[in-house]
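The values are calculated or read from the model by the stated rules, or taken from the named source; none is laboratory data. Owing to the predicted nature of the structure, the values given are computational and were not obtained by experimental measurement. With ideal geometry, Cβ positions are generated from the backbone for all residues, glycine too; neighbour counts draw on all protein chains shown. Side chains are part of the model used for accessible areas, which takes the heavy atoms of the whole protein and leaves out ligands, DNA and RNA. Shrake-Rupley method; radii C 1.70, N 1.55, O 1.52, S 1.80 Å.
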Amino acid sequence: MTDPPTLYDHKPKKSQLKPPMPEETIRPPPPPPPPPPPRVMDPSKQSFARRYKFVWPVLLTVNLALGAYLFMRTKKRTPETDRGEVVDEVTAPVVTKPVAVPEKVQTPLQAPPTVHEPIPEDQQRELFKWILEEKRKLKSKDPQEKKRIDEEKAILKQYIRAKSIPTI
């Protein structure tokens with residue numbers, strides 16, 4: 001019928017139980033520490049490139065534009081293309097001891113000097129007038145230079161007033 005109450009041998013005694021914690025000692029976990037502030041260096045300690053980072057695009061653009069300008073402008077110039085005439089190179093005489101000359105000596109070929117047709121007198125007068133105007137614009141630095149410029153202007157005035165101009 002009914003069973004008698006059973007005793008539990010393995011049940012701990014009250015003295016063996018942990019005492020309950022008082023409410024005062026229960027604390028919520030501490031909040032996580034705030035993230036460290038971003039690392040800001042003193043401007044004097046930063047590298048040159050970082051301090052002037054706004055200058056680099058401007059510098060590169062100017063450099064590229066200058067390079068493009070020089071590349072497009074550059075062309076090979078020779079004395080023939082500058083003035084349309086052939087210029088003979090002047091070589092300095094070389095003094096050496098007499099040496100036995102072989103029978104066949106090659107001499108450098110030189111182009112004959114080009115002869116230009118004379119400039120008409122009215123064009124020469126216009127040229128002299130233009131030169132005189134340019135001489136009038138010059139500012140002299142000292143009295144000797146002023147005297148030289150005045151003499152050149154006087155010669156130009158004589159050429160302009162003359163009935164016939166000597167050929168150049």
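Quick notes on this one:
- Candidates PRO29, PRO12 - the one that is assigned to a loop (DSSP other than H, G, I, E, B), open to solvent by less than 100 Å² (accessible area, probe 1.4 Å) and at pLDDT 70 or above: PRO12
- Restricted to the stretch 47-94, and to residues there that are at pLDDT 60 or above, within 30 Å of PRO108 (Cβ to Cβ) and of a type in the set (Lys, Arg), the residue that is most open to solvent (accessible area, probe 1.4 Å) is LYS76.
- Within the stretch 109-140, being outside any loop (DSSP other than H, G, I, E, B) and in contact (Cβ under 8 Å) with a residue 24 or more places away in the chain holds for GLU121, GLN124, ARG125, PHE128, LYS129, ILE131, LEU132.
- Extreme residue, nearest to the chain's Cα centre (by Cα), among residues of the stretch 129-140 that are basic (Lys, Arg), open to solvent by 100 Å² or more (accessible area, probe 1.4 Å) and closer than 19 Å to LYS157 by Cβ: LYS137
- Residues in the stretch 141-168 that are open to solvent by 50 Å² or more (accessible area, probe 1.4 Å) and not in a helix (DSSP H, G or I): LYS141, ASP142, LYS163, SER164, PRO166, THR167, ILE168.
- Checking the stated criteria, GLN123 turns out not to satisfy the condition of being among the polar types (S, T, N, Q), more than 30 Å from SER164 (Cα to Cα) and either open to solvent by 100 Å² or more (accessible area, probe 1.4 Å) or modelled with pLDDT of 80 or more (or both).
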